[in-house]
Structure formats: C-alpha cells, structure tokens
Amino acid sequence: MNSNISYENDTIAAIATASGDGGIAVIRISGEKSLTIIDQIFSKSGKDIEIENYEAHHLYHGHIIEEETGKMLDEVLCVVMKSPNSYTGEHMAEIHSHGGNLVPRKILDLLFKLGARPANPGEFTLRAFLNGKMDLAQAEAVTDVVNAQTEQGLKQAELQLEGALSSKINNYKSNLADILAEIEAQVDFPEEDIDSIAKERLISKTNELIENISILIKSYEEGRIIKNGVNTAILGKPNAGKSSLLNQLIMKDRAIVSPIPGTTRDFIEEMIDVRGIALKLIDTAGIRTTDDQIENIGVELAKKKAEEAELIIAVIDSSTELNNDDIAILEQIKNKKAIIVLNKSDIEPKISQNDLKPHIDSKILIVTSAKTGSGIEDLKNSIKELIMQNSSQTESSEIVLTELRHKLALERSVESLESFLTAIEINESPEFLALDLRVALDALGEITGEVTTEDILGRIFSKFCIGK
Ligand SMILES: Nc1nc2c(ncn2[C@@H]2O[C@H](COP(=O)(O)OP(=O)(O)OP(=O)(O)O)[C@@H](O)[C@H]2O)c(=O)[nH]1
Ligand SMILES: [Mg+2]
C-alpha cells in the first residue's frame, strides 16, 4: 500500500450504473464487511451455501430480502470477489438488480443500514491504487475510458489503462536510477573527481533520457486534443448560415434555421467527431450592431464564446455584399486559429474569393453550401489539418500524453536533468549532483504515484463518477 497516504478501511457502497431508465443496475460494495453485509440481505436460490464458500467471480441467482420485515425487495444476481483478487483489492460484491431509480436505491439503503457508507467519487479506483492494483497513471485512465468521446480517445485511454504510459515512465525511472546509483557511489569519495570516461557516459545517458522525455512531452499537443476535444465557435453575421452549417456538420436538425436574421439568440453546443477529433461545436447568435436588447445579449455571448474558443469557423454569406459586420468579425478573429467559410455557393454570388483575400490573411478559405452540403467534407478535412498542424501525429498504437499533470511533471524532470548536466560539467560534488537527479526521479514518480499527496489524489479522484 502507498505508505504516505492515510487509508480508510471501512466499507463503501454505491450504485455503479447511471441513474434513470435501464434494464439492470449494478450496486457495488467494497471493504472488510462487504461479505457479511451481503450475507444479511442476499438469499441465494437453491442449495444454501455459506457466503465464505461462494465461488469468487461467479454469479449467483437469488433475492434481496429486507431483514427486519422479511420482505422481498428484488430478484437479483450477486457476485462476490475476495481480497486481494478484486478491483479494489478488498472483499467486494456486486448486486445486479432491476434498473430504474427505486430498486437500486432501496438496495443501497439496505447496505448503508448494515454498516456500509456512501462511496466518494472515484473511491473504488482510489482503493485499487492504494492497494497496488494499478498505478496512478492507470487509475487516471479509468475515467478517461468512461469519458472518451472518440475512437482515438478511447484507444489512448485503454493504452494508458493497460500500462503503456507507466511502462515508458518506469523505463525512464530505471535509466535515471542507474545514473543516480553511479553518482551515489561517488558520494563517499567527495575529494575525487568523477573520471572523465564515466563523466562522458553519464552526460550522454542523461542527454538521451532528456531527448526521450522531450518527445513524450511534445505528444501532449496531440494528446490534449484527443482527450479534451476542441472548442469550436461558429461565428458570422445574422443569416450567414451558421445554424445551417451546424446542422450539416452534425447531420441532424438541431438548431432552428430561418430566413429571418437574428434567429439564433442563445448559443447551442453539440459534440461531434470530425475525422477522429472531438469538436465541441458552438452555434452562436449572428454578430451585428443592433438596438434589440435580447439580440444584443446574444451578440455579446457570441463574442465571449469566440474569445474562449480554440478554433473559429467564420461564416460569410456569399449572396450578400461584404459589409462592416463581416469585416468586424474577421478583424476580431485575426489572431485566432480560424477557417473562413464562404457559404451559399448554390446561389448567385455577390462576394468572390478575391474580395475576401485582403481581410483573411493566410487563413484557409472553404466554399460551402450548407443547403446542399457541398464543401462540407473539405471543411472537415481542413478542420483536422488545422488542429493537428503542430502535433507530431503519432501512430494510433503509440501512447501520447493526454494529461496536463503528466506533462508538467515531465517538464520538471527535464529541468532537473538539465540542471544536473550543468552541475556535472563544472565538477560539482556528487552529493549536489545526486540532489538534482532525485528531484527528477521524484517528478517521474508523481506520474505513476509513488510520490504523491492527499491533495493530488483528491484532485484526481474528485473528477471521477460515484461508483467507479
Ligand atoms: N441557398 C442557400 N441558403 C442557405 C444556405 N445556408 C443557409 N441558408 C439559408 O439562409 C437562411 C439563414 O440560415 P441560418 O442557418 O438560420 O443562418 P444563421 O447564420 O444561423 O442566422 P442567425 O441565427 O439569424 O444569425 C435560412 O433561410 C437558410 O435556409 C446555403 O448554403 N444556401
Ligand atoms: Mg442561427
């Protein structure tokens, strides 16, 4: 067990499935008292067996009985898992009851009555980590699997859960530990300089390590996009076809479309998968100067969404003359990652691509018709191209960094390794050199969780759902 973290040994329970309509719900319990509590409410069908003699990971049919009243609550399946061979490493059980809101809730209440307490978000996985069933990077991946939005996001989360990131980090740690061991062997002979051959070797080993870690750090640009998706605002003057474009991209009639300028007032958000990238598309109110109070709120909101967005799709209506509203919008997004869409290509144009050129710098221009769908595939290609332009685009089987916490830890590790290189060049004492290396090693240990604090764990697991 992780030694510097306090560990509550009590028994926790939660409904692990999502609430609402559903055929089956799973209620989970973990901790010392799990089996004795289950024994008091679960009546197995057929031959009676002591709960201690249940076969682990084996589904038993039976009923949940309210002990006080003898009333049958539900017909269920029950599985027990015995410490240490369970997800949390503790005694565990799961009850598969009928779904809906009431039955699982009543079963959970029975568990609470008999001594279990409500599990905190992520507490089952926290226990799995504290009991050494998985390391911290793997535990973090559990919630990434649950929250994955795209195939690629899921793939990365699964890789991390299987330990692909951890094994990379462990590899760095082992190389670093070798260097540290050599330096520490010198600590007892502080008056002797490290011989020059050994010194060169240590420097070259450290450089190689820095290079490898830096490649992983670089992959965060791609990993961040894979995991979190990209906030994308659709901007343009009223009637440009923004809502029509949103509907085309998500392939359903989500936003109201009408020939009346100022149709969209509030913003509308939809997640879509564009060529493997999760986009959070935000359709906004048409931006123009207006006296209408409500429309104005929408316009301000649109501007705010534009500021927050990482990518802008600016829609220009090619069937009307370019006006000041268009130019103001193009001006506003000058320094942003943006694609310009010249829409309504199916009707007589009043604007040519050349008219737009002076206002859009080197931004990508795509001609579309949100009515017929022409140009939409080009738009999707350009979105992917633009978003991925700074990323290394690794093979999909290769692990990338998806977590800012990991990136920051790796950067700290590289910083200390660089400081070690500077120090060894000027023949600093071995004790001093070892210090830098230990800081670098600790930074790596934070990723896999050998070095951690309650605070770090609190922040990580509070993002989980209850029951996971
Ligand atoms: N011919 C043609 N009409 C289009 C196209 N795109 C949108 N329209 C029409 O233009 C009008 C405005 O479309 P919307 O999608 O509501 O425009 P909007 O930019 O969301 O407008 P606001 O919400 O008012 O800002 C509607 O009548 C659409 O049918 C297009 O590519 N070709
Ligand atoms: Mg609209």
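What follows is calculated from the coordinates using simple rules that are stated; it is not laboratory data. What you are looking at is a predicted structure, and each value in this text was computed from that prediction instead of being measured. Positions of Cβ are backbone-derived with ideal geometry, glycine not excepted, and every protein chain shown enters the neighbour counts.
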Check your understanding: Within the chain, what percent of beta bridges assigned by DSSP are antiparallel, to the nearest 5?
Key -> 60
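What does the charge dipole of the range 5-140 about its Cα centre add up to, to the nearest 20 debye, if the Cβ of each Lys and Arg holds +1 and the Cβ of each Asp and Glu holds -1?
Around 120 debye, computed over the range 5-140.
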Review point. Using 7 Å Cα-to-Cβ label points, what is the residue 408/residue 101 separation (nm, one decimal)?
Key: 3.9
Review point. Within a Cβ distance under 15 Å of residue 294, other residues only, what is the Lys/Arg minus Asp/Glu net charge?
Key: -3
Check your understanding: R0 = 25 Å: FRET efficiency of residue 50 with residue 85, Cβ-based, nearest 0.05?
Key -> 0.85
Point to revise | Spherically averaged projected area in nm², based on the convex hull that wraps the Cα atoms of the range 147-304 | key: 15.2
**Study point:** Estimated distance in nm for a label pair at residue 178 and residue 63, the labels positioned 7 Å out from Cα along Cα-to-Cβ
**Key:** 6.5
Exercise for review: Report, in deg cm²/dmol and to the nearest 500, the calculated mean residue ellipticity at 222 nm for the chain, where each DSSP H run with n ≥ 4 adds -39500 (n - 2.57) and the sum is divided by the residue count.
Suggested key: -14000 deg cm²/dmol
Check your understanding: According to the square roots a ≥ b ≥ c of the eigenvalues of the Cα gyration tensor, what is the shape class of the range 120-230, taking rounded for a/c under 1.5, prolate for a/b larger than b/c otherwise, and oblate for the remainder?
Key -> oblate
Revision key, fill the gap. Pseudo-spin-label distance residue 439 to residue 456, built 7 Å along Cα→Cβ, given in nm, is 1.6
Practice item. Treating the Cα atoms of the range 352-468 as identical point scatterers in vacuum, please give the log10 of the normalised Debye intensity I(q)/I(0) at q = 0.21, 0.22, 0.23 Å⁻¹, two decimals. Key: -1.17, -1.22, -1.25
**Study point:** Charge dipole magnitude, Cβ of K and R +1, D and E -1 - the range 324-457, Cα centre, debye nearest 20
**Key:** 1000
Study note, to complete from the structure: Using alpha-carbon positions, the gyration tensor of the chain gives root eigenvalues a ≥ b ≥ c; with a/c under 1.5 called rounded, otherwise prolate if a/b exceeds b/c, else oblate, the class is oblate
**Study point:** Magnitude of the charge dipole, the range 138-219, Cβ model with Lys/Arg +1 and Asp/Glu -1, debye to 20
**Key:** 480
Check your understanding: How much net charge surrounds residue 158 when only other residues with a Cβ under 14 Å from its Cβ are counted (Lys, Arg +1; Asp, Glu -1)?
Key -> -3
Review point. Among residues other than residue 54 whose Cβ falls under 9 Å from its Cβ, what is the net charge (Lys/Arg +1, Asp/Glu -1)?
Key: -1
Review point. Non-local amide H neighbours of residue 73 (under 5 Å, H modeled in plane, Pro and chain starts lacking H): which ones?
Key: 64, 65, 66
Check your understanding: Which helices, taking whole DSSP H runs in the chain, have alpha carbons extending 18 angstrom or more along the helix axis plus mean Kyte-Doolittle at least 0.0?
Key -> 196-218, 404-425, 430-448
